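**Student:** There's a structure below that I have some questions on.
The values are calculated or read from the model by the stated rules, or taken from the named source; none is laboratory data. What you see is a predicted model; the values in this text were computed from it and never measured. Note: ideal-geometry Cβ built from the backbone for every residue, glycine included; neighbour counts use all protein chains shown. Just the protein is used for accessible areas: all its heavy atoms, side chains included, with ligands, DNA and RNA removed. Shrake-Rupley method; radii C 1.70, N 1.55, O 1.52, S 1.80 Å.
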Amino acid sequence: SKPFCFICFYEEHRNQPTSMHNFEYIINKARPLMCCICELPSTRQCFGLRISTSSKYEISALIERSSNTSRVLSRDEFTDVIRTRIKLPMSRARVIAAYESCRGKGTAKSNNRILWTRFQRYVQSAEKECDGHYCTECWDNSHTSGSRLHHFFIGYKAMALVCVECQKAPAQKRCVECQDDFCCTCALAFHKRGKRSRHSL
């Protein structure tokens, strides 16, 4: 079985042999987005650490320029590069923890390329470390210090409509033909090909 809006169902099923197909209504049963801490209606979704494009480029450039044979950076040298060149929104304690984690053992201790490659993976995971929904009060309580201090969010109204596809994000687009509400990601994915690509969002 395949989901259709009414218009697409008619166009797809007006000819034989599909003209005899039946259909059933699909009702959006997604419950409103709730705070992951207190279970009250949420007003924002966290997207983790915001890393600028220029910071990502600098990390990639460091990987390219690093030698496989050069002396590995010390903790203080690493911290200095993060603060002055890459300019990441991380506390000193977190940078030091990242260094210890990325330096590793064995060959990594004498190889800056491996160090920066591991740090690139560390940064990518930091961008996705928090994707929960929060009410304003719980956001304020849980994002005022520590590793979550520099997280960013996108706000929405309490009891906002939920995307009919993923049921995990607030709906931001409405399809005129489908008469359904989608988040931006699902709206594009659901209307990428076929007759749906001609729908009005």
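**Student:** Can you list the trypsin sites (Lys or Arg not before Pro) in the range 55-91 that are in a DSSP coil and have 14 or fewer other beta carbons within 10 angstrom? If you can, show how the numbers build up before the last one.
**Tutor:** On the way: sites: 56, 65, 71, 75, 83, 85, 87; in loops: 71, 87.
Answer in residue order: 71, 87.
**Student:** Same structure again: Within the accessible area of the chain, what % is carbon and sulfur when the probe is 1.4 Å and the other protein chains stay in place?
**Tutor:** Roughly 52 percent of what the probe reaches on the chain is carbon or sulfur.
**Student:** Okay, next question. Stretch residue 193-residue 144 to full length: gain in nm at 0.36 nm per residue minus the Cα-Cα span?
**Tutor:** Result for the pair: 13.3 nm of gain on full extension.
**Student:** Here's another thing I want to ask about it. Heavy-atom accessible area per residue, the chain, 1.4 Å probe: how many Å²?
**Tutor:** I get 64 Å² per residue for this part.
**Student:** Right, here's the next one. On a full-extension model of 0.36 nm per residue, what is the gain between residue 40 and residue 80, subtracting their alpha-carbon distance, rounded to one decimal in nm?
**Tutor:** Result: 10.2 nm gained on full extension.
**Student:** Given Cβ point charges of +1 (Lys, Arg) and -1 (Asp, Glu) and nothing else, what value in debye, to the nearest 20, does the dipole of the chain about its Cα centre take?
**Tutor:** Using only the charged Cβ atoms, the result is roughly 740 debye.
**Student:** Taking the dipole about the Cα centre of the chain, with the C-beta of Lys and Arg at +1 and of Asp and Glu at -1, give me whichever of 182, 163, 130 is farthest to the positive side.
**Tutor:** Selected residue: 130.
**Student:** Once fully extended, how much extra length lies between residue 176 and residue 10, figured as 0.36 nm per residue of separation less the alpha-carbon to alpha-carbon distance?
**Tutor:** Taking residue 176 through residue 10 to full extension adds about 58.2 nm, to one decimal.
**Student:** Going down the list 87/128; 168/192; 87/192; 87/168; 87/157; 56/195, which pairs span over 29 Å between their C-alpha atoms?
**Tutor:** 87/192; 87/168; 87/157; 56/195, as the Cα separations exceed 29 Å there.
**Student:** Measuring from the lowest to the highest alpha carbon on each principal axis, how far does the range 57-201 reach, largest first, in angstroms?
**Tutor:** Result for the range 57-201: principal-axis Cα extents of 62, 41, 25 Å.
**Student:** Something else about it: Tell me, what is the FRET efficiency for residue 54 and residue 157 to the nearest 0.05, using R0 = 41 angstrom and their Cβ-Cβ distance as r?
**Tutor:** Efficiency, rounded to the nearest 0.05: 0.80.
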